[in-house]
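Where a number appears in this text, it was derived from the coordinates with a stated rule and is not lab data. For clarity, every value in this text was computed on a predicted model and none was experimentally measured. Cβ placement follows ideal geometry from the backbone for every residue including glycine, while neighbour counts extend to all protein chains displayed.
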Amino acid sequence: MKIIRSVRAMGKEIKRLKKNGKIIGLVPTMGYLHKGHISLLNRGRKENDILIMSIFVNPIQFGPEEDIKRYPRDIQRDKAIAVREKVDIIFYPRARDMYPSEFRTYVDVERVTEGLCGGRRPGHFRGVATVVAKLFNIVMPDRAYFGQKDAQQAIVIRKMVKDLNMPVKIKTMPIVREKDGMAISSRNKYLDNKERRAGLVLSQSLKEAKDLVKRGIKDVSIIKRKVTELIRTEKPACIDYVEIVDKEKLERLKYIKKGHTLIALAVYINKTRLIDNITL
Ligand code: PAF
């Protein structure tokens, strides 16, 4: 496995691989790998000749209130996982190489970035779209892999790729959950035992929503109320949003549209913000 740290060296390597007709898969990450990332690596390994994983804690997707220094990092552990998952190259650039002081260009995807997490974290998706566009230009992947856990992120990236005619196929992989239903996330590490138990309310309330729909309830306001009530039974939980939207346009719905509905939650468990979602 190679570790490449400079944009220039990565470009050279890609040129060589493309010349040899290699199909390239990219798994973009911010490191601190968990089972969710591993599912992306597994799929990427199966579908491509060369599997590249980027590790870059992207400063421009963090808001002024969000502490980038607090973001968990463990590069030695990530390297060991990458070897085990048969990654060919880790692209691990430095911030000054990705964003030199004269950097001035950003990618803004409109509409789909306005609600859900976009409404709560202004500038976040501009940062995500910009770094992903840069990674696509540097790595030139044939396929790139993202998790459904960040449902809005996957939609924003698909929209960017379509609108800007980027020659890459976006693959979205299902949410990986713990046995008890908790969606796996790097942020779970911030939770103590009590908070971890309270955090379960996200997946439980999504399950409750699914059951209500199964029982024939289509009115979004009823489902939202039930989900909200259930989350509020947990003392450390504070709702950031509960949204029921069209799963592609991310526009609010009044009634459940079978096969086209996304229920997305963001909930603070004390200081830690967790997200989860299901599609119906
Ligand atoms: O999902 C993430 O880890 C990040 O948002 C991504 C896609 C790697 C961009 O920094």
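If I filter the range 182-190 for residues that are among the aliphatic types (A, V, I, L, M), touching an Asp or Glu at 6+ places or on another chain (Cβ under 6 Å) and touching a residue at least 40 places away in the same chain (Cβ under 8 Å), do I get at least one hit? Scanning the range 182-190 turns up at least one residue that is among the aliphatic types (A, V, I, L, M), touching an Asp or Glu at 6+ places or on another chain (Cβ under 6 Å) and touching a residue at least 40 places away in the same chain (Cβ under 8 Å).
If you check P28, P59 for being under 16 Å from N137 (Cα atoms) and within 16 Å of the ligand (Cβ to nearest atom), only one passes: P28. Counting only residues that are buried (at least 21 other Cβ atoms within 10 Å of the Cβ) and within 11 Å of the ligand (Cβ to nearest atom), the range 32-49 holds 4 of them.
Could we say that P93 is touching a strand residue (DSSP E or B) at 6+ places or on another chain (Cβ under 7 Å) and within 16 Å of the ligand (Cβ to nearest atom) here? Judged against the criteria, P93 is not a match. Assess whether A80 counts as being within 30 Å of Y241 (Cα to Cα), of a type in the set (G, A, S) and either touching a Phe, Trp or Tyr at 6+ places or on another chain (Cβ under 9 Å) or part of a helix (DSSP H, G or I) (or both). Answer is no for this residue.
The residues of the range 126-164 that are under 24 Å from D246 (Cα atoms), without any contact (Cβ under 8 Å) to a residue 60 or more places away in the chain, of a type in the set (A, V, I, L, M, F, W, C) and within 11 Å of the ligand (Cβ to nearest atom), listed by number, are A129, A154, V156, I157. Would you mind stating whether T279 is under 20 Å from the mean Cα position of the chain (by Cα) and crowded, with 16+ Cβ neighbours inside 10 Å? For T279, the condition - under 20 Å from the mean Cα position of the chain (by Cα) and crowded, with 16+ Cβ neighbours inside 10 Å - is not met. Taking every residue in the range 50-61 that is touching a residue at least 60 places away in the same chain (Cβ under 8 Å) and pairing it with any residue that is assigned to a strand (DSSP E or B) and near the ligand (Cβ under 8 Å from one of its atoms), at least 6 positions away or on another chain, the pairs with Cβ-Cβ distances below 7 Å are S54/P28; S54/T29.
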